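Enquirer: Below you will find the structure I want to go over with you.
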Amino acid sequence: MTNLTIEDTETYLRQLASELTDPRPGECLLCYVYRMLEHGCRGLRWALRYRDQRAPRATALERRLGQVGGYCDCEIFMNGYDLRSAYLGEPGGYAVYNGVLRRERPYPNPMPGCLGVGRGSTRPCGLWARRPRGGYLG
Ligand SMILES: [Zn+2]
Ligand SMILES: [Zn+2]
């Protein structure tokens, strides 16, 4: 390989990586962050990437996510928001939440498509509902 080819390849890979991790047109914050969590959770990396690309004026986003217990991307889902039950999968195994044994309803795979939000919004689309205060009540 010549140097030129290597550079071309690197540019191509960088573009590809950025396309893979960019919010889709109309995609809401939560659908985007959930989709990106397959690349791992490192703080609010994905939520802030969404903010920077889609809603740069949402300067209070970090504070608002912290208010629902979302101090990192995965905590947004553990503490803050849950998929509405209409969209959850069939009950599978059992799991204990807050000392209560309940049947797990897994997130479907693939996830339903984002219902969409307007540009500049950091609101979740209609797939998501706030978790009740004090934890998981199903
Ligand atoms: Zn996390
Ligand atoms: Zn969505």
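Enquirer: Among all residue pairs at least 6 apart or on different chains, which show Cβ distances below 6 Å where the first residue, located in segment 114-130, is assigned to a loop (DSSP other than H, G, I, E, B) and the second is among the acidic types (Asp, Glu) and more than 16 Å from ligand 1 (Cβ to nearest atom)?
Expert: Cβ pairs passing all conditions: 114/27.
Enquirer: What helices (runs of 4 or more DSSP H) lie completely within segment 1-104 and have 1 or more residues being away from ligand 2 (no atom under 16 Å from the Cβ)? Even if it seems obvious, please write down each step before you answer.
Expert: Working: elements: 3-20, 29-36, 45-54, 61-67.
Fully inside segment 1-104 and qualifying: 3-20, 45-54, 61-67.
Enquirer: Out of everything in segment 35-63 that is touching a residue at least 40 places away in the same chain (Cβ under 8 Å) and among the charged types (D, E, K, R), what residue ends up being nearest to ligand 1 (Cβ to nearest atom)?
Expert: 35
Enquirer: Any idea how many residues of segment 65-88 are in contact (Cβ under 8 Å) with a residue 24 or more places away in the chain and open to solvent by 90 Å² or more (accessible area, probe 1.4 Å)?
Expert: Total satisfying the criteria: 2.
The values are calculated or read from the model by the stated rules, or taken from the named source; none is laboratory data. What you see is a predicted model; the values in this text were computed from it and never measured. Every residue, glycine among them, receives a Cβ derived from its backbone with ideal geometry; neighbour counts consider all protein chains shown. Quick note on the areas: whole protein, heavy atoms, side chains included, nothing else; ligands and nucleic acids left out. Shrake-Rupley method; radii C 1.70, N 1.55, O 1.52, S 1.80 Å.
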